[in-house]
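Take a look at the structure set out below.
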Amino acid sequence: MWRLGKPGRFFNFPFLLLDGTSSGHRRDPGKMKHTILIGIIAFVLLSVPSGCGSTQNTPANSVSKPASPTDSTNSNAAVNSNSAATRAAPAKSEPFKKTVELHGIKFTVESPNSASDNSVTITPAGLTVSNEPVVVKINGSVSEAEVGDLNIDQSPEIYVFYRESDGLKRARVVAYSANNKKSLSEVSMREPNTASAEYKGYNGEDDMAIVESVLVHRFPVFDGSGADAKKTGKTKQVQYKIKPGEASWQFVVDRTSEY
């Protein structure tokens, strides 16, 4: 026979038990049916979770409550804060890599273009004595690399152009010459001197490039200096050639023009 049992240790609802007959006592059939019916009803009722239809314990079906004015304000503040941070962040430069070749000598130029502690690596190939890479620390991002033979000696030079990270964004160059196709030697350039005739009116916003057999440095002419400087509407162009110095090759002003 079956009877309604009390909630067990591992269950929170009554369950049906098979009632033994070892006592020899027979239960009244009507009472048995009544007991079984009550047990079934209790089982069904107690098996249904309280608060039927509630989804508070089911993350997939959870319903978000409407945001309060305070929550909305905080959310908008966070969005605005993130947007401002994004606008304020400097644009990230892509890593640079380029290979150029002239007169049988190859140069591979690479730079991670890191926002800080950036560097450029120049790896030659085809030199007879040393093809060791040259690593130069720079304060800016590499934009271009060109090969040339400005002194027309059949030993090419590599020119790496970058723009400084300061407010003026000045153009700069890192240059090396393949000495008789044996090894690399630096080609040095003096810092632009605004007191000189060539660089009077210089205040950044410049460009550099190899044009035929010269290095061209072009910039707008300013009246004044720093934040108060104003453009005059004129442009100045300084042309360089390279010549041997006491310890290495040097850029030497060849011609200056203004228009």
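Values quoted throughout were computed directly from the atomic coordinates according to the rules given, and no laboratory measurement underlies them. As the structure is a computational prediction, the values presented were derived from the model and not from experiment. Backbone-built Cβ (ideal geometry, glycine too); neighbour counts: all protein chains shown.
Where the eigenvalues come from the Cα gyration tensor of segment 111-185, what are the semi-axes √(5λ) of the equivalent ellipsoid, largest first, in whole Å? Walk me through the intermediate numbers first.
Details: eigenvalues 129, 39, 11 Å².
With the √(5λ) rule applied to segment 111-185, the semi-axes are 25, 14, 7 Å.
Using only the Cα atoms of segment 144-258, each taken as one equal point scatterer with no solvent, compute I(q) by the Debye sum, divide by I(0), and report log10 of the ratio at q = 0.19, 0.23 Å⁻¹.
Calculated log10 I(q)/I(0) at the listed q: -0.99, -1.32.
Which residues does the label zone of residue 207 cover in segment 216-248, counting backbone N under 15 Å from a point 7 Å along Cα→Cβ?
216-221, 235-238
Report the far tail of the P(r) of segment 174-233, meaning the percent of Cα-Cα pairs longer than 14 Å. If you can, show how the numbers build up before the last one.
Details: 1182 of 1770 pairs.
Result for the distance tail: 67 percent.
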